[in-house]
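To keep things clear, I will list the structure first and then write my remarks on it.
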Amino acid sequence: MQAAMHNMTKVVQDKVSPTHNLPMSINCDGPVNAMDMNKDMSKVVVAGRQVFKIIEVEDDMFVETSNLRVGKPKNINLNYSAADVAWNHNDENMLASAATNGAVVIWNLSKQVKSKQEFVFMEHKRSVNRVVFHNSEAYQLLSGSQDGTMKLHDLRRKQVTLTFMGRSSESVRDIQFCPANLGYFSFAAAYENGIVQIWDMRRPDRCEKHFTAHNEPVFALDWHPEDKHWLATAGRDKMIKVWDINKQPAQLLYVVQTIASVGRIKWRPQRRYHIANCSLLLDHNVNVWDVRRPYIPFACFEQHKDVATCVLWKDPHILLSTGKDYMLHQHIFQSAKRPGDFVIPSGVDISIHGDVCLAYKERTAAVKGKEAGKISMFGRKTSQSRSELFFTQANSSLAVFQQIAEPNTEDEFAAQQMSPTQLASEDVSMTSFLELAKKYRLKGLTTEELCRHNSAAAAAVDKYQVAQTWQIMGNIFCTKTSSTKSTSLQVPRINVTPNAPMDRQDVEKGKAVSSPDNEVEVVRSDNDKEKNGEISTGTDSDSDGESSEFEKNQLADIASGLGHNGDFFFGDGDNETLSYPLGITVQGGEDWTQLPSEAFQPRHEITGPAAPPDRLDHDSLMVAAVESDAVAVMTPIEESEPSEQYLNLNIDCSAFHAGTVLDYTSTAVDIICCFAEQGDIQSAVSMLIVLGDHVRSHIDGESQENWFMSYIDLLSRFRLWTIASEVIALSHLPQVMQLNQSSTSIHTACPHCMRTMERSGWLCDRCKSVVNMCSICHCPVKGLAVWCQGCCHGGHIQHIQDWLVGNILCPEGCGHMCEYT
Amino acid sequence: MADVYKLEDQNVDVLRFLYVSQSSAKGRAEALENIQTALDSWLDGYGSPPNSGGAGILNGLDRRAFIQELVPDLLRLSLTCPLDEVRNKCKDILTEVKERGPGVKVPRALKCGPSRFIPASEIDPADTTNEDKQMVFIESFLQNNRLENLHQVMGYHPRYLEAFVKTQNYLLRDDGPLPFPYRHYIALMAAARHQCVYLVRLHAQEFLLQGGDAQWLRGLEYAPQKLRNLCEVNNILAHRPWLLNKNHIEKLTRGNDTWSLSEMMQALIIIAHFHSLCSFIMGCGLAPEIDQGGCTTRNASSSGDDESEDYSSDSSVGGEMNANQVLEEDSLESLMQRMKELTESTHEEEPTQEELLKRFELVENQSSEISVPTKEKTSKKEEVLRFVTNSDFTYNDFAKRAPGLDIPTFRIQDYSWEDHAFSLANRLYSDIGNLLDDRFNIAFNLTYYTMGDIRSVDTSAFRQAIWYYIHCMYGIRHDDYDYAQVNQLLERNLKTYIKTVCCFPERITKKDYEGVMKGFKHSEKVHVNMMITEARMQAELLYALRAVNHYMT
């Protein structure tokens, strides 16, 4: 009682702990399997295979008062080696122990003789796993055994009064009485097959409740000391689960994931959400969990050198534990290690609008860069719970990075383009996707015309890169048939926001977060990697004649071994031009039309596909050209020269032999694959459909199917059903085409019983009657039927047509003025 | 010796060539068709259209020799494949080879069937009509292109077979830390401990099929140091698992050529699996696979000595044992009677704890008194011995363990499979725990409520006695079991049999097999062998995992 009173004062401020309680320990001379306390918590009994002792808990030390294991030190009597032990809650002198040989032994400390053993029950056939005294009935002892039974022993009559046995003969691993104030007759039992049962002592024939708590053996359970519906279970599956058993079926409230199978659990008194556990193997710590924070222990005690076997709360601040390392420890909660203190909480995510959100602890370096908002407090929800929780005050910041227009961007650029922010959000919000899905034409014209149409469509939604690609596709695949003529292709001036907005974002992210935090470092290096990857894959689109100086810069950058530097792109004083229109003037040559891609063939060299040997000379030439371009581009930037620079690539193509037909299929295939890899599944699939036979055989069926499926999935998500079905129809892949052929029938329902008529449209299987007869001829309608949606009468389409020639009212005579449209 | 069998000279191409175990019927049909066409053209050398290859040489291979090597495998497929179409096709091909083959000798299978102890007529043939079995057989066939004799015998207990096949497949062919050739090599090392030629051959072949280096098969000294390091643990686990301690584990995980914990876990489980499997194989007297020495090209007349050539052993011993048997011969009825008494008289008088412990020690000591037929068999083959180090290290009774070492009895309550070993195994090698758990449970709980011809018998006492007796031999004690039951239920010659199968499987003979459990059906004897296998495996694993656990903590 005194202790309880004492606790009351401590509830107010947990961190103030009583001064007279110290961490202490005692060696018990043998592995301890279990322990229990007497009711005023002044004595502990510890029991193991070679240990059976009473230990007095004093203020500053443990004192061994008596050893119940009498006789020879190597006593072979198994009654002394206990798997579990219990101290009577009412009778100070009564103990019970469970032996591995199936005996339940009663001990009487008031006996004067040396051996305190009072009585032995040999009722169980197998090992007894748990013994518990009833909380208020001093003479009732319950035992649960490996043989699948639980027996209620009456200590006055010295016999077993009741035997409880579940339906299966699974071993009972743990039993616990419901706390006295909550349920007098109830107890819970945990079984080896993962089942937990709630029993009522008055009904030994069957259990009250029965539910599967774990998939593997349950080793321990514990009733919540205050909430009678809460039951915690734990088992070999390394989980502690908290159940609300009042619900039917029992509802799982919390799950705590531990690192090893759990041997024992014990709720912390006066703390609703705290539970202590110890593991059966490997993990030697005694952990205290807050069930609401299931991934990291709230507190842990690391004193044990071998697995801890039993835990007991003396009061909310003092915890006793025993282990296989012979030790009995008293832990003071204040001195516990708080693993939560040692982790650095941080998280990064990206929203659908392209905003990057980073949460991190404040002790990291101050955040530079563009923060749109700074939200502090992470991990705490209400101030109410704050006082209750004792997690370390986690001061952290939440920074949200947004795309913000560069203030110093070139005028021309700003004038021509939307700000990157808009661009970014638009790109992610998929309006252009919708637009394009509707506008693209996939059939009905020649390949060339389709390409031209689609190119215009893409250009209309500012997807210049895609538009250009379409144009090139058109050119590649129409020239095969067209006659050679001499024209000059002026690649339009294009302003490209290079390499997609995502890239900017990444750069920004990398730049803004310059804290030494590990995780951020990882993110950052990822960015670099990603960027490099994009560059290398991005070369395909470059080769489409669409030039991006920006990327060239990057390439040059990489080539010259300079590290990436965010400031390079977004530095304040940087007057860099982001767009360099590129004009390519091509002279002569019969195969001139193929030149746009030819001009950038060297980049293909980088990515892999081998060029025909007869072009090697040109290739090397072009590599040189590109490199010098890069240099040329670099220079003006440094000198802050005028922003526009035209790059004229004058390529003499007369070297080509007339009539050499070059096959660009592989190029086209590369382009399509590249789009798919970049995630632009729309372009990839559309091009695949339009180019059809030209490229289909060059791409493996599985990826084609994947692309189609994802595109169709996307379309359906945007409810573009018609387009989706058109795509399905045009796919040429049997697996995809099947989609249009499944679930194509809709059954009508019988007007009498509302049952769907699956067999035929005119006979109901349940009513066994013909329904929906023709109003004119009164025969079942077996072919095309028509009916008025107003009065539901109708019939053979021919009959109704005839009828309506001369009438306006319903043929059935219901008086409805039927309307057939 | 016409059929000398050489491990390292096997032509793996033969097996790859005959790979027909596709799961789709169509794939199989195609594979068979290809085999037939290829053989067709090779048989005549220059069929139509004339084969352009040089006479008898194909891709640098001697074509005739290739066919000759092919034939035993074809024979095997034609006899033991559970799939009708494969069997029939192979038969056809074989007939054709016989007729047209220029000098190709077509062997015939030795008569004995899958087991030398059990008459072939008692065992379900590969084309069994029992659907459950058929399914398991096919599954097992699809896994490595053969229906092993082992599986055919286990087919008595399809439920167990299924769990067994699943585990073995997981151990050898599924995800795991060890490279595939390693797994088979370890299996081979484990099997060699008990001189189990059957398993050695089988896994030598699998080892090659998985791309293992044929050099290794010449002996342990050709294998990498890492595998050789495993020898000591292998020896100890095979014969005296109680000697294993954390120092052994530490030796493996420290220094050069180290084993990671999960690699070691897989290796330990493979070792335990194959040690105990040896018990089953020898206990049931499995005959060699048809293509691995189970066929002969000799005439039927001269086959008499052939049969006993490879695996002989029948005649030499057993004289003294026979005498014992006659004396102690115990009918099924009396066993039934004793079981009945046991169940009825549980409440007579409670034996004291001391007595219970004495009983355990008694059983332990008695078991050590049982003399296992000691024969220094000279037939230890070089084929097997090359994978064995320290071949004199054998089982030594736990009760007679060296007194200086102070190895206490292993208490199952302190380290049990369910509570401790399972979690550890699963932690280091995911999912294996559940698979083994299934196996142990099926083996321990399987019963058909029959004994011989008697129906509706509760055999649990008998089964428990066997299980605990085996654990007792390895020094594992269950506190809550009354070991007097072992003596009441298991008569001396059955104990001898169990001990021989468990600890010296290489010494078991047909006479031993026939001499015990009179009145039991073959399927029940296989059941007993199965339990021996699993109990032994569990015992070995308990020791191995406890050592790992000690090492980790």
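Readers should treat all values here as calculations from the given coordinates under stated rules, not as data from a laboratory. Bear in mind that the values here come from a model prediction, so they are computed numbers and not experimental data. Backbone-built Cβ (ideal geometry, glycine too); neighbour counts: all protein chains shown.
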Final fewest-first order of A:Asp200, B:Asp291, B:Asp175, A:Asp36 on the 10 Å Cβ neighbour count is B:Asp175, A:Asp200, A:Asp36, B:Asp291
Here the relative contact order (percent) of region A:239-319, from C-alpha pairs under 8 Å and at least 6 apart, is 25 percent
Counting Lys +1, Arg +1, Asp -1, Glu -1, what net charge surrounds A:Pro31 among other residues with beta carbon under 12 Å of its beta carbon?
-> 0
For region B:108-192: relative contact order, % (alpha-carbon pairs under 8 angstrom, 6 or more apart) | 22 percent
Whole-Hz Karplus couplings 3J(HN,Hα) for region B:413-420, θ = phi - 60° and coefficients 6.51, -1.76, 1.60, Gly and Pro as x, run 5, 8, 8, 10, 4, 5, 7, 10
Compute the Rg/Rh shape ratio of region B:388-449: radius of gyration over Kirkwood radius, all on alpha-carbon atoms.
-> 1.11
Förster radius 41 Å - calculated FRET efficiency between B:Ile407 and A:Arg338, Cβ distance, rounded to 0.05 | 0.45
Hey, rough spin-label estimate for A:Asp765 and B:Glu361, points 7 angstrom out along Cα→Cβ, what's it come to in nanometres?
-> 7.6 nm
Net +/- balance of residues flanking A:Ser171 in space, Cβ distance below 10 Å, scoring K and R +1, D and E -1 | -2
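How do B:Asp419, A:Asp84 line up, fewest other C-beta atoms within 10 Å first?
Least crowded to most crowded, the residues run B:Asp419, A:Asp84.
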Looking at region A:186-310, how many pairs of lysines come closer than 24 Å at the Cα, when each pair is eight or more places apart or spans two chains?
-> 13
Global geometry of region A:183-322, whether rounded, prolate or oblate, following the gyration tensor of its Cα atoms and the 1.5 cut on a/c = prolate
Given labels modelled 7 Å from the Cα in the Cβ direction, how far is it in nm from A:Asn181 to B:Asp392?
-> 7.4 nm
At most 13 other Cβ within 10 Å, DSSP loop - trypsin sites (Lys or Arg not before Pro), region A:201-265 | A:Arg202, A:Arg206, A:Lys247
Label A:Asn93 and B:Glu131 with points 7 Å out from Cα along Cα→Cβ: what is the distance between them in nm?
-> 7.0 nm
Phi-based couplings in Hz for region B:441-455 (Karplus 6.51, -1.76, 1.60; Gly and Pro marked x) = 5, 5, 4, 6, 9, 4, 7, 10, 6, 10, 9, x, 9, 8, 9
Cross-link pairs A:Lys116/A:Lys158; B:Lys340/B:Lys511; A:Lys111/A:Lys314; B:Lys26/B:Lys133; A:Lys53/A:Lys111 - those with Cα-Cα distance over 18 Å | B:Lys340/B:Lys511; A:Lys111/A:Lys314; B:Lys26/B:Lys133
Computed FRET efficiency, Cβ-Cβ of A:Arg717 and A:Gln112, R0 56 Å: what is it to the nearest 0.05?
-> 0.10
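Taking 41 Å as R0, compute the FRET efficiency from the Cβ-Cβ separation of A:Thr431 and A:Asp663 and round it to 0.05.
0.65
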Evaluate the relative contact order of region A:36-171 (contact order divided by residue number), counting alpha-carbon pairs under 8 angstrom at least 6 apart; express in whole percent.
-> 15 percent
For region A:204-216, 3J(HN,Hα) per residue [Karplus equation, 6.51 cos²θ - 1.76 cosθ + 1.60, θ = phi - 60°, Hz, x = Gly/Pro] = x, 7, 8, 7, 7, 9, 7, 8, 8, 8, 9, 7, 10
When A:Cys753, A:Cys788 are arranged by how many other beta-carbons sit within 10 Å of their Cβ, fewest first, they go A:Cys753, A:Cys788
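Specify whether the C-alpha gyration tensor of region A:673-780 places it in the rounded, prolate or oblate class, a ≥ b ≥ c being the square roots of the eigenvalues: rounded for a/c under 1.5, otherwise prolate if a/b is larger than b/c and oblate if not.
prolate
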Determine the distance separating the Cα centre of region A:170-199 from the Cα centre of region B:170-240; give it in Å without decimals.
-> 48 Å
